[in-house]
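Contents: one structure, followed by commentary.
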Amino acid sequence: MDHRRRINELVSGIEGMGLDGAIIFGPENIHYLTGAPFVRGSYGKLLFVNKDGEASLIVSDLDYQEVSDTVNSAEIVKTDFMEKPLDRLRKIVKDSPRLGFEDGVISAALKEKIAGEFKLEPLRGLVERMRERKDAEEIAVIEKAQSINDRALEKAINNMKEGMSELEIAAELEYYLRKEGEESFAFETIVASGPRGVYPHGMPSTRKPSKGDSVVIDFGAKYGGYCSDMTRTLFFGNPDADARRAYEAVREAQEKAIENVSDGVSGKEVDAVARGILDRLGLGKYFVHGLGHGVGIEIHEAPVVGPSNENPLVPGNVITIEPGAYIPGRFGIRIEDLLVVEKGGKRDLTKFPRDLLVI
Ligand code: ZN
Ligand code: ZN
C-alpha cells in the first residue's frame with residue numbers, strides 16, 4: 001500500500017488548515033497512514049507528522065521490532081525504558097506549534113493532558129475522510145476478505161443441521177473463516193434464531209433453532225487489516241407464509257437498493273429505496289436501523305448509508321446494503337451485501353446467493 005502518498009495527503013490537509021503538524025493516536029488511523037499493525041483498542045503508538053512531511057512513529061520496546069519490520073513510510077522512534085510515547089514527543093516537538101489532533105478519537109482525559117503543552121486544533125475527521133475513498137489496493141484486499149466470508153458460509157452450511165445451537169452454528173462459521181485465511185474476526189459473530197432474530201446485534205446463545213425458525217447470521221473476516229461484512233438469513237425447516245413473505249420483501253428491498261447504488265447518489269436516497277419497498281409491503285415499521293455503513297479498516301466507518309447522510313457516494317466508497325425486518329415475538333430477517341461504489345454504478349463484492357435457503 002502507498003503509505004507515503006497517504007502521509008503526503010495528510011500533510012496537504014494540515015497545511016490547508018494552517019497547522020504546523022498533527023498528532024495521530026488512533027490505531028486505525030496510524031495503520032492507514034503507515035501500515036503499522038495494531039491491536040484493537042490499544043493506544044500504545046503515536047504518529048507525529050509535521051508540515052514538511054516528516055513523519056515519526058513513536059513506539060515502545062514492546063512494538064519496536066514488529067513496527068520496524070513493517071513500516072517504511074515513517075521514521076521509527078523507540079522510547080526509552082518506561083518512557084511513554086507522549087514523553088518522547090515532548091522532546092521532538094519544540095516551540096509549541098499548532099498541532100491537529102483527532103477530536104473524534106482521543107479521550108477527553110488525553111486531550112486535557114496534551115492541551116497544556118501544545119496548541120491543539122481539531123482535525124475534524126481529516127484522516128477518516130481520506131479513508132472513505134478506498135484505492136485499488138484496498139479494494140482488492142476487501143474483496144479477498146469478502147471471498148473468505150463467502151467460502152466460509154458455503155462450507156459451514158454443509159455442517160449445519162437441526163438440533164444445533166446458535167453457538168455451534170457460530171463455531172462452524174468461525175472455524176471456516178480461519179481455515180479460509182482470515183487473520184481475525186472483523187467483529188463478534190451474530191447468530192440469532194427464531195424470536196431472538198429481532199435483536200439485530202444478537203450474540204449466539206445455547207438456543208437451538210426449532211422447525212421453521214429463521215436464523216440471522218452476520219459475520220465478517222479481517223484480512224490484510226481490512227474487514228468484510230455480510231448477513232444471510234437461513235431457515236431451519238420450511239418457514240411459514242409470513243416469514244417467507246417477509247424474506248422476499250427484504251430481499252426485494254435489498255436488490256432494488258443495490259440497483260440504485262452509484263456515485264452521485266446519496267446514502268439517504270439509497271436508504272429511501274429500501275424503506276419505500278418495505279413500507280409498501282407493510283414492514284416499514286419493523287426496519288429499525290439504517291440501510292448500511294462504510295467498511296474498511298474498521299467495521300463501521302463513513303459513509304453512513306441512511307437517512308442522515310445527504311452527501312453523494314463517491315467512487316471508492318465500500319458500503320453495506322443491509323435491510324431487515326424484525327417482528328417482535330416471532331422472527332428477524334436481514335440480508336447484507338458488501339459493495340464498492342464505482343463511476344456510474346457499483347460492484348457487489350458478495351457472491352453468496354440470496355435465495356431463500358432451507359437447512
Ligand atoms: Zn453485518
Ligand atoms: Zn453491517
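Here are the numbers:
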item: All positions within the range 199-209 that are modelled with pLDDT under 95 and open to solvent by less than 60 Å² (accessible area, probe 1.4 Å); result: P200, G202
item: Single match in Y226, Y199 (criterion: closer than 21 Å to Y175 by Cα and within 16 Å of ligand 1 (Cβ to nearest atom)); result: Y226
item: Residue satisfying all of: in the range 293-305; outside any strand (DSSP E or B) and away from ligand 1 (no atom under 12 Å from the Cβ); most open to solvent (accessible area, probe 1.4 Å) among these; result: E298
item: Filter result (open to solvent by less than 50 Å² (accessible area, probe 1.4 Å) and within 24 Å of the chain's Cα centre (by Cα)) within the range 140-166; result: V141, I142, A145, Q146, S147, I148, N149, D150, A152, L153, A156, E166
item: Output for the range 206-237, where each listed residue is part of a strand (DSSP E or B) and among the hydroxyl-bearing types (S, T, Y); result: S214, Y223, Y226, T231, T233
item: P200 being within 15 Å of ligand 2 (Cβ to nearest atom), in a loop (DSSP other than H, G, I, E, B) and in contact (Cβ under 8 Å) with a residue 40 or more places away in the chain; result: yes
item: Hey, D52 part of a helix (DSSP H, G or I), modelled with pLDDT of 90 or more, open to solvent by 10 Å² or more (accessible area, probe 1.4 Å) and within 17 Å of I24 (Cα to Cα) or not; result: no
item: Test: residue in the range 165-180 that is assigned to a loop (DSSP other than H, G, I, E, B), touching a residue at least 24 places away in the same chain (Cβ under 8 Å) and away from ligand 1 (no atom under 15 Å from the Cβ); result: yes
item: Subset of the range 280-305 [without any contact (Cβ under 8 Å) to a residue 24 or more places away in the chain and either closer than 12 Å to P323 by Cα or among the basic types (K, R) (or both)]; result: R280, G284, K285, G290
item: Some residue of the range 335-343 being away from ligand 1 (no atom under 16 Å from the Cβ), surrounded by fewer than 18 Cβ atoms within 10 Å (Cβ to Cβ) and of a type in the set (V, I, T); result: no
item: Test: residue in the range 25-32 that is of a type in the set (S, T, Y) and part of a helix (DSSP H, G or I); result: yes
item: Residue count, the range 93-106 (criterion: open to solvent by 60 Å² or more (accessible area, probe 1.4 Å) and either out of contact with any helix residue (DSSP H, G or I) (no Cβ under 9 Å at 6 or more places or on another chain) or over 28 Å from R5 (Cβ atoms) (or both)); result: 3
item: In the range 259-292, residue nearest to the chain's Cα centre (by Cα) [restricted to those that are open to solvent by 40 Å² or more (accessible area, probe 1.4 Å) and within 16 Å of ligand 1 (Cβ to nearest atom)]; result: H289
item: Among residues of the range 306-334, those that are more than 15 Å from ligand 2 (Cβ to nearest atom), part of a loop (DSSP other than H, G, I, E, B), in contact (Cβ under 8 Å) with a residue 60 or more places away in the chain and open to solvent by 10 Å² or more (accessible area, probe 1.4 Å), counted; result: 5
item: Filter pass, T189 being surrounded by fewer than 24 Cβ atoms within 10 Å (Cβ to Cβ), of a type in the set (S, T, Y) and closer than 20 Å to V295 by Cα; result: yes
item: So A253, is it within 16 Å of ligand 2 (Cβ to nearest atom), aliphatic (A, V, I, L, M) and open to solvent by less than 10 Å² (accessible area, probe 1.4 Å); result: yes
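The values are calculated or read from the model by the stated rules, or taken from the named source; none is laboratory data. Predicted model, so just to flag it, every value in this text is computed and none were measured. Here Cβ is always computed from backbone atoms with ideal geometry, including for glycine, and neighbour counts include all displayed protein chains. Side chains included, ligands, DNA and RNA excluded: accessible areas come from the protein's heavy atoms. Shrake-Rupley method; radii C 1.70, N 1.55, O 1.52, S 1.80 Å.
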